[in-house]
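These notes concern the structure reproduced below.
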Amino acid sequence: MSVTIKDVANEAGVSISTVSKIINGKGSISQDTINRVQETIRKLNYTPNSRAVSFAKQNTKNIIFLTSMKKNEPYLNPHMFEIMDGSYSALSDLDYTLSLMDISMKDGQESPVIQAIQSGCADGILVHGSAVTEETAKYIIDSNFPHVIIGSPSMDNQLCWIDTNHVLAGQCAAEHLLECGYMNIVFIGEKRTDFISNQRLKGVKKAFINHGLHLKAENIYSISSNISNARSLTKEILTDNPKIQAIICENNTIAFGVSAGILDLKLDVPNDIAFITFDSYPYANIIEPKPTVVDIDMFDLGFQAAQTLIRKIDNPLLLAQGYSTLPLLKQGLTTKKGL
């Protein structure tokens with residue numbers, strides 16, 4: 001296996017950027033360090049390649065997108081590929097390439113985020129929020145490497161990140177139902193540990209408060225998100241409490257099951273029962289009747305993340321943290337105004 005710039009850096013006890021600067025004759029570096037690195041280069045018989053030179057100049061014109069690449073990932077995380085499409089679109093307009101890197105780790109393996117930074121083959125990284133730990137966050141900040149995290153990190157930090165406002169999306173869904181005249185509303189979300197579900201529920205509660213109302217605790221349900229569970233729960237809820245007027249489905253999978261449960265009970269939508277869900281993809285287009293949806297443009301989220309990263313590359317001191325892409329209500333056939 002050929003010797004890499006990382007091998008030289010490890011052997012000499014310096015960073016990859018220090019090796020690159022010495023190779024290219026740039027930077028203010030002590031003569032002792034220069035001598036040690038040059039001796040290591042001779043010892044390992046290392047020949048600098050174009051990638052190492054590009055790293056020193058910070059002009060690889062390549063961005064690494066770190067996300068899970070496991071089997072069945074398109075089903076488990078369908079929005080990620082729409083986000084990648086948006087990122088690619090923004091970057092290709094600026095003559096950048098986009099490379100993919102898997103965030104999954106085996107026991108004892110170095111963090112893929114750290115690997116991506118140390119590799120020297122990219123000017124910046126876009127990172128799915130699930131890959132960010134306290135260790136990787138500290139490394140990114142200490143290295144001052146251009147980055148944007150997609151999804152707000154759970155820890156307080158100086159990371160650059162961009163996310164959709166799930167609280168606002170939940171508020172939008174509940175506001176629509178309340179304005180239609182539905183008052184006895186149920187929320188069915190993912191298990192209580194799910195961050196997005198909790199954020200959307202928070203927004204629903206906020207809408208109720210804004211209307212001088214209160215979402216009853218007994219009207220909040222958490223399930224493992226699959227069609228069968230949602231179908232069974234819907235039949236149970238509407239059988240036990242036929243006065244329920246509307247259901248907020250935290251995701252498409254739950255909405256699919258809710259729709260099936262309503263059909264089993266032979267109830268009319270939206271006259272007997274209404275429901276609303278989030279995101280058009282993957283099931284909203286095949287649910288009958290066509291559901292009212294609070295949609296988030298994930299393509300635009302990826303586009304905005306990539307544009308923010310380019311700004312970070314141009315201005316290393318930039319700290320960008322915030323929400324992008326407003327939720328959009330798409331009226332379907334499962335809700336109606338003027339009850």
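Scanning the stretch 298-327 for residues that are touching a helix residue (DSSP H, G or I) at 6+ places or on another chain (Cβ under 8 Å) and in a loop (DSSP other than H, G, I, E, B) yields LEU318, ALA320, SER324, THR325, LEU326, PRO327.
To keep it simple, each residue is scored yes or no on (1) more than 21 Å from LEU317 (Cβ to Cβ); (2) in contact with a strand residue (DSSP E or B) (Cβ under 9 Å, 6 or more places away or on another chain).
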| site | (1), (2) |
| --- | --- |
| ILE117 | no, yes |
| CYS121 | yes, yes |
| HIS128 | yes, yes |
| VAL132 | no, yes |
| ILE140 | no, yes |
| ASN144 | no, no |
| ILE149 | no, yes |
| PRO153 | no, yes |
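Is it true that LYS336 is touching a Pro at 6+ places or on another chain (Cβ under 6 Å) and open to solvent by 20 Å² or more (accessible area, probe 1.4 Å)? It is true that LYS336 is touching a Pro at 6+ places or on another chain (Cβ under 6 Å) and open to solvent by 20 Å² or more (accessible area, probe 1.4 Å).
Restricting the search to strands (runs of 3 or more DSSP E) fully inside the stretch 104-196 and requiring at least 3 residues that are open to solvent by 10 Å² or more (accessible area, probe 1.4 Å), of a type in the set (S, T, N, Q) and in contact (Cβ under 8 Å) with a residue 60 or more places away in the chain gives an empty result. Residues in the stretch 16-29 that are open to solvent by 50 Å² or more (accessible area, probe 1.4 Å) and modelled with pLDDT of 80 or more: there are none. Evaluate the stretch 242-251: report whether one residue or more is open to solvent by less than 70 Å² (accessible area, probe 1.4 Å) and either free of Cβ contacts under 8 Å to residues at least 60 places away in the same chain or farther than 24 Å from ALA169 by Cα (or both). No; the residues of the stretch 242-251 include none that is open to solvent by less than 70 Å² (accessible area, probe 1.4 Å) and either free of Cβ contacts under 8 Å to residues at least 60 places away in the same chain or farther than 24 Å from ALA169 by Cα (or both).
Among the residues of the stretch 69-94, those that are at pLDDT below 90 and out of contact with any helix residue (DSSP H, G or I) (no Cβ under 7 Å at 6 or more places or on another chain) comprise MET69, LYS70, LYS71, ASN72, GLU73, TYR75, LEU76, ASN77, PRO78, MET80. In the stretch 272-288, what residues are surrounded by fewer than 20 Cβ atoms within 10 Å (Cβ to Cβ) and at pLDDT 95 or above? The one that is surrounded by fewer than 20 Cβ atoms within 10 Å (Cβ to Cβ) and at pLDDT 95 or above: ASP272. Taking each residue of the stretch 259-286 that is under 15 Å from PRO242 (Cβ atoms) and in a loop (DSSP other than H, G, I, E, B) and looking for partners that are charged (D, E, K, R) and open to solvent by less than 30 Å² (accessible area, probe 1.4 Å) with beta-carbon atoms closer than 9 Å, six or more apart or interchain, yields nothing.
Scanning the stretch 55-68 for residues that are assigned to a strand (DSSP E or B) and not aliphatic (A, V, I, L, M), we see that the one that is modelled with the lowest pLDDT is THR67. Would you check if SER259 is among the polar types (S, T, N, Q), at pLDDT below 95 and either open to solvent by 60 Å² or more (accessible area, probe 1.4 Å) or on the phi < 0 side of the Ramachandran plot (or both)? Here the answer is no, as SER259 does not meet what is asked. When you check LYS235 against the structure, is it assigned to a helix (DSSP H, G or I) and more than 25 Å from SER154 (Cβ to Cβ), yes or no? Considered against the rule, which asks whether it is assigned to a helix (DSSP H, G or I) and more than 25 Å from SER154 (Cβ to Cβ), LYS235 comes out as yes. Any chance the stretch 35-52 includes a residue that's surrounded by 12 or more Cβ atoms within 10 Å (Cβ to Cβ), modelled with pLDDT under 75 and out of contact with any helix residue (DSSP H, G or I) (no Cβ under 6 Å at 6 or more places or on another chain)? Within the stretch 35-52 (the criterion being surrounded by 12 or more Cβ atoms within 10 Å (Cβ to Cβ), modelled with pLDDT under 75 and out of contact with any helix residue (DSSP H, G or I) (no Cβ under 6 Å at 6 or more places or on another chain)), the answer is yes, since at least one residue qualifies.
The values are calculated or read from the model by the stated rules, or taken from the named source; none is laboratory data. A quick note: this is a predicted structure, and the numbers were derived from the prediction, not measured. We place every Cβ from the backbone using ideal geometry, glycine too, and count neighbours over all the protein chains shown. Quick note on the areas: whole protein, heavy atoms, side chains included, nothing else; ligands and nucleic acids left out. Shrake-Rupley method; radii C 1.70, N 1.55, O 1.52, S 1.80 Å.
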